[in-house]
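This report refers to the structure that appears directly beneath it.
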């Protein structure tokens with residue numbers, strides 16, 4: 001359980017998971033999210049409140065885990081549960097070879113025999129988890145996606161100010177190191193960036209040019225908040241790769257909760273897919289750690305600080321999009337741009353961020369409104385909605401108003 005000066009802290013998703021566990025029916029719950037967003041901690045917190053017997057196992061071990069090991073753990077949980085029911089939690093399930101086929105077989109056995117076992121599967125490689133679910137477990141599971149920590153969560157749990165959050169981002173494991181910036185940066189680069197790329201992307205997914213993927217991530221952090229064509233990316237990366245490869249690698253980094261490329265909003269899906277992406281980190285910690293600037297340097301560099309502000313707003317939006325709250329785009333027409341376009345159902349919201357950074361485009365809210373008639377336009381920063389207020393409210397509140 002996270003301990004800090006304000007006592008134990010639980011994320012909002014803990015209450016949702018506890019509510020689901022309180023239901024009398026058995027269920028297969030899948031919990032995914034990027035590394036170090038607190039999946040294991042959240043589940044452990046909720047398990048401490050349960051009256052049913054709980055078996056918690058992890059496939060994150062040096063020895064290779066296979067289907068036989070998974071079946072053994074499942075059978076042990078059945079015996080512990082008895083006729084009264086129980087809970088089996090399997091952490092890092094994506095590391096079990098052919099895990100989805102084994103889970104399908106065991107789950108279907110329990111269905112036929114009416115075993116009252118509730119099963120939670122945790123994974124830090126969302127792309128692989130999703131692939132296993134769609135291939136083998138269709139119609140059998142519910143999902144709970146954990147996003148990166150929002151500003152309000154870091155403020156409540158660790159007393160982060162807005163400047164703290166912009167510079168150090170939303171990784172709870174890095175919060176205690178914020179007073180030692182050099183040590184914090186090593187933690188982000190070694191324990192998070194390198195581990196996520198090496199173990200969640202390269203090791204578990206086919207990547208023909210791993211060096212290119214790493215350089216693409218570095219480039220994306222350097223240009224977060226900016227539109228960059230794939231042709232320009234190839235030039236910057238000095239690689240003979242093609243745009244299809246770069247788009248694929250960007251998808252892999254997005255699935256790992258690290259970096260995404262926003263599509264241009266055009267009202268037509270074909271044109272959206274063909275557009276140059278706007279690069280966006282999921283957590284501003286990645287931007288500052290890759291830049292290598294100390295907090296004081298980041299605050300006094302007006303252009304960089306402006307990029308942090310805009311990227312923090314973008315990260316707030318794309319984390320909501322990853323939970324299927326909304327879809328996020330940008331818009332540009334000649335020399336006019338809207339920073340973020342948010343779509344949920346039939347509602348369209350245009351967001352302009354006044355960050356103070358130097359730009360090569362002009363605000364395009366008026367032109368966008370004339371072309372697409374959004375339900376709402378928002379100005380964040382300057383004389384509009386304060387950045388701290390925008391980041392403190394869930395995206396659902398902004399799109400529903």
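Derivation of every value follows stated rules applied to the coordinates shown; laboratory data play no part. Since this is a predicted model, take the numbers as computed values, not measurements. Every residue, glycine as well, gets a Cβ built from its backbone with ideal geometry; the counts of neighbours run over all protein chains shown.
Here are some notes:
- Residues 39, 354 arranged by fewest to most Cβ contacts within 10 Å: 354, 39
- FRET efficiency for residue 301 and residue 51, using Cβ-Cβ distance with R0 set to 41 Å, rounded to 0.05: 0.15
- In plain terms, the chain from residue 22 to residue 372 could stretch by 121.5 nm, reckoned as 0.36 nm per residue minus the Cα-Cα distance.
- Cα-based helix-to-principal-axis angle, 243-255 vs the chain, degrees rounded to 10: 60 degrees
- Ratio of the Cα radius of gyration of the range 11-73 to 2.2 N^0.38 Å, where N counts its residues: 1.26
- Sites residue 333 and residue 194 - FRET efficiency at Förster radius 60 Å, r taken between beta-carbons, to 0.05: 0.95
- In the chain, helices alone account for a calculated mean residue ellipticity at 222 nm of -13000 deg cm²/dmol, with every DSSP H run of four or more residues adding -39,500 (n - 2.57).
- C-alpha long axis of helix 12-22 to longest principal axis of the chain, angle in °: 30 degrees
- When Rg and Dmax are taken over the Cα atoms of the chain, they come to 21.9, 67 Å.
- Whether the range 12-146 is rounded, prolate or oblate, judged on the alpha carbon gyration tensor where a/c under 1.5 counts as rounded: rounded
- Fewest-first sequence of 397, 388 by Cβ atoms within 10 Å of each Cβ: 397, 388
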